[in-house]
Amino acid sequence: MTSSVIEKLVELRGIESNYVDAWGKPAKVSEESKIKLLRVMGYQVDDENTLKDQLQEQINESWMLPLNPVQVNRVGDTLLTAIRLPIELVNDSFILDIETEQGERMQQNFVPSDGELINVTHIDDVEFQEYIVDINGDLPLGYHTVTLRSDDGDHLADMRLVVAPKSCYKQEDIAAGKKVWGLSVQLYCLRSENNWGVGDFSDLSYLLQQAGRQGAQFVGLNPIHALYPASPDNCSPYSPSSRRWINFIYLDVTKIEGYEQESVQTIVNSAEFKASLNHVRNIEYVDYDAVTRMKLQVLNAIFDYQYEAFLSKNNEVSKEFKAFVEQGGESLDMLATYDAIQEDLATQGKACWGWPVFPKDVNEYHNKGVAKFKKANLKRVTFYMFLQWQAAKQLEQANQTALDSGMKIGIYRDLAVGVSEGSAEIWGNRDLYVVDASVGAPPDVLGPLGQDWGLPPMDPDILYQQRYQPIIDLFSTNMQSSGALRIDHVMALLRLWWVTKGDKPSEGGYVYYPVDDLLGILALESHRNQSLVIGEDLGTVPDEIRDKLEENGVHSYRVFFFEQSEDGGFFSPSHYPVQSMATLTTHDMPTLTGYWHCLDLELGKELNLYPSEEVLAQLYTSRHDNKQQILDSLHGHQSIPEWTPHSVDQLGMHKELNHGMQYHMAKGSSALLSLQLEDWLEMDKPVNIPGTCNEYPNWKRKLTRNLEQIFTDPVLNSLALGLTETRNKVSEQ
């Protein structure tokens, strides 16, 4: 009996039993793994009677709702909705009251039994019937409200009705076949003559302006999500505190009004501050602790000035700030309060890495202790709101620079797949996240043992009950001040590999998400924000999601080194899908120089990432073969000079090979081509080594040259102009 109940719950909760692995072979999720996944979802799998009650209760709850919480339709679809009522009411007259997002209202009277009966059940001897009812009239794009009322007007239930476009937005030139290129950068990596040891939004503006002059149509960024001001060494952009808000460390403090005040200048002109500034600018890696300490010290002084001069008074500046706070709503209040609490605990020397170690009275946003803290520390909470306000303003200024430079896309942002366990996002919406599991990946080529990313997944059922609002907010906010959004691990819209705490990544299992609904919302937000969408579809990718992404106008993500045929040869970029973004390398891979000289394999050996010398030897052999295939392909397409050696044994990485590989990609059919600034500089050290934490300084390595030097280099200027010319030629073909 328990086995039968478990199988029903497995099906009900979208836990996959069978899948195709990264090598194209059938794979099964073990029964034990499925039981563990149900357990972390909150089911009492060890108590048969309780489990049966939980199953029945879940079924009953869905029947007791006259309307679904949310429904997503595409424009032009026939609008049908399900109505569930006790049998004694199905012959009564009801009203559907529809209010559009635009403020228009319409009503229709109906009798449920006049519709199509699709299902029947019994709950406590009461028969419930489910009918399909037509919603009359065409609704515009947007988020609308459907209310079910009795014939005397009493409210019985309501539903969010989303009407979405057929596919995502594309800029007019891109839709018309224009081939463009751009640069991808880790914003914190940027060096300049003026920044404070970490790339900032002024650096971004400069980069956009200079790249735009050379024909680049976008600059892609790492996730710029909010991290942890009180714990700055937690610096991975893919393990954020909140994906709705921005990492304040990217602020150019010198551009904020108040920087010129005497109180601020006294700080920045002190010998101690100048020494710190010299230190953070000149070291090879970002010193997040020192940079954060310096920026917060100055931002505190600037805020004190603005608070007294503007924010505590009634003027245009304070009105603008108040409007920003009102628009940010509970989400902004939650993040600011979280940051203030974490800072307070750190100041007291208490454990504060995240809400799981916060004192009980403040370990959840909705606790009374949090309201009490906020009231007693309102100015400090306001300070963290102020940082978000300034960050939003500076990001928008950078976006405007891109537009003024004539870029077709401008900034493209990156949405991480999740948040870390101790994040403000989970602290503020605990019910949504399954904190006893984390997102990862089953074994694949890059991770033979599987991967555990330490990011608790959203519960798809709770997401549905919350009417998809968290996803709407994520898409909307991450499309602001940009022309494109890259969605990391886009397969998450279809399914995620859940790993229960304490298990090996290979012992996880896939949990499905409402992909069609999520893609509809993505398309709607894409059009509302005029943002092209790129889906990072690497790893174990089912055909199902690739097909859906293509139909929905989401650009695939094609990495040259992964585009191999069965015989080991590399596909020509001219055969890549047009609806894709092509690239040579990514932040999780070695640079071109690192790849060609096998520096990543050397580093992996130093860090003990390989189980044996035999495995490492196989990797070296495979790399040698791949390099020869690449060289053959480059020569075959005349992408490098004929005088370049044809044998990989005679060829180290040099400028002609580096540039030749970039031109090779530029001749491809992908609408978008993204090239890493690290490869322009022929750097050898990677940004990040997957599977490591403290073994390597991930997310800290800077560029080797200042931006000002890069864009005055005639060789790099020639490369950029050559890329623009090549892409234009492909566009004309």
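The values are calculated or read from the model by the stated rules, or taken from the named source; none is laboratory data. Here the structure is a predicted model, which means the values were calculated and not measured. Ideal geometry is used to build each Cβ from the backbone, glycine not excepted, and the neighbour counts take in all protein chains shown.
Assorted remarks:
- Some residue of the stretch 692-703 being touching a Cys at 6+ places or on another chain (Cβ under 8 Å) and either outside any loop (DSSP other than H, G, I, E, B) or free of Cβ contacts under 8 Å to residues at least 60 places away in the same chain (or both): yes
- Any hit, the stretch 325-339, residues being surrounded by 14 or more Cβ atoms within 10 Å (Cβ to Cβ), of a type in the set (S, T, N, Q) and in a helix (DSSP H, G or I): yes
- The stretch 600-633, subset of a type in the set (D, E, K, R) and within 23 Å of Gln451 (Cα to Cα), residue nearest to the chain's Cα centre (by Cα): Asp600
- Taken over the stretch 18-28, the criterion of being surrounded by 12 or more Cβ atoms within 10 Å (Cβ to Cβ) and under 27 Å from the mean Cα position of the chain (by Cα) is satisfied by Tyr19, Val20, Asp21, Ala22.
- Flag for Gly329 being modelled with pLDDT of 95 or more and either on the phi > 0 side of the Ramachandran plot or touching a His at 6+ places or on another chain (Cβ under 6 Å) (or both): yes
- Check on Glu57, part of a helix (DSSP H, G or I) and not hydroxyl-bearing (Ser, Thr, Tyr): yes
For every residue, the table says whether it meets (1) of a type in the set (A, V, I, L, M); (2) out of contact with any strand residue (DSSP E or B) (no Cβ under 8 Å at 6 or more places or on another chain); (3) closer than 19 Å to Phe561 by Cα.
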residue: Trp596; (1), (2), (3): no, yes, yes
residue: Leu599; (1), (2), (3): yes, yes, yes
residue: Leu609; (1), (2), (3): yes, yes, no
residue: Gln618; (1), (2), (3): no, yes, yes
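- All positions within the stretch 126-150 that are among the acidic types (Asp, Glu) and assigned to a loop (DSSP other than H, G, I, E, B): Asp138
- Spans of helices (runs of 4 or more DSSP H) in the stretch 228-324 with at least 1 residues closer than 15 Å to Leu387 by Cβ: 288-306
- Out of Ile471, Ile462, sole residue that is surrounded by fewer than 21 Cβ atoms within 10 Å (Cβ to Cβ) and without any contact (Cβ under 8 Å) to a residue 40 or more places away in the chain: Ile462
- Of all residues making up the stretch 538-563, the number that are in contact (Cβ under 8 Å) with a residue 12 or more places away in the chain, among the charged types (D, E, K, R) and surrounded by fewer than 21 Cβ atoms within 10 Å (Cβ to Cβ): 5
- Residue among Gly502, Gly539 that is touching an Asp or Glu at 6+ places or on another chain (Cβ under 8 Å), closer than 25 Å to Arg13 by Cβ, not in a strand (DSSP E or B) and not assigned by TED's automatic domain parsing to the domain that holds Glu32: Gly539
- Counted residues, the stretch 485-520 - those being of a type in the set (A, V, I, L, M), over 21 Å from Val162 (Cα atoms) and surrounded by fewer than 21 Cβ atoms within 10 Å (Cβ to Cβ): 0
- Output for the stretch 63-86, where each listed residue is surrounded by 14 or more Cβ atoms within 10 Å (Cβ to Cβ) and assigned to a helix (DSSP H, G or I): Trp63
- Boolean, Gly369 is in a loop (DSSP other than H, G, I, E, B) and either farther than 16 Å from Thr337 by Cβ or modelled with pLDDT of 95 or more (or both): no
- Only helices (runs of 4 or more DSSP H) whose full extent lies in the stretch 575-677 are considered here, and the ones with at least 1 residues that are touching a residue at least 24 places away in the same chain (Cβ under 8 Å), within 24 Å of Asp713 (Cβ to Cβ) and hydroxyl-bearing (Ser, Thr, Tyr) are 592-596, 655-666.
- Any pair with Cβ under 8 angstrom, 6 or more apart, that starts in the stretch 707-733 at a residue that is in contact (Cβ under 8 Å) with a residue 12 or more places away in the chain and ends at one that is exposed (fewer than 15 other Cβ atoms within 10 Å of the Cβ) and among the charged types (D, E, K, R): Glu708/Glu193; Val715/Lys655
- Taking each residue of the stretch 162-181 that is under 19 Å from Glu732 (Cβ atoms) and looking for partners that are hydroxyl-bearing (Ser, Thr, Tyr) and at pLDDT 95 or above with beta-carbon atoms closer than 8 Å, six or more apart or interchain, yields Gly177/Ser731; Lys178/Ser731; Lys179/Ser669; Lys179/Ser670; Lys179/Ser731; Trp181/Ser674; Trp181/Thr724.
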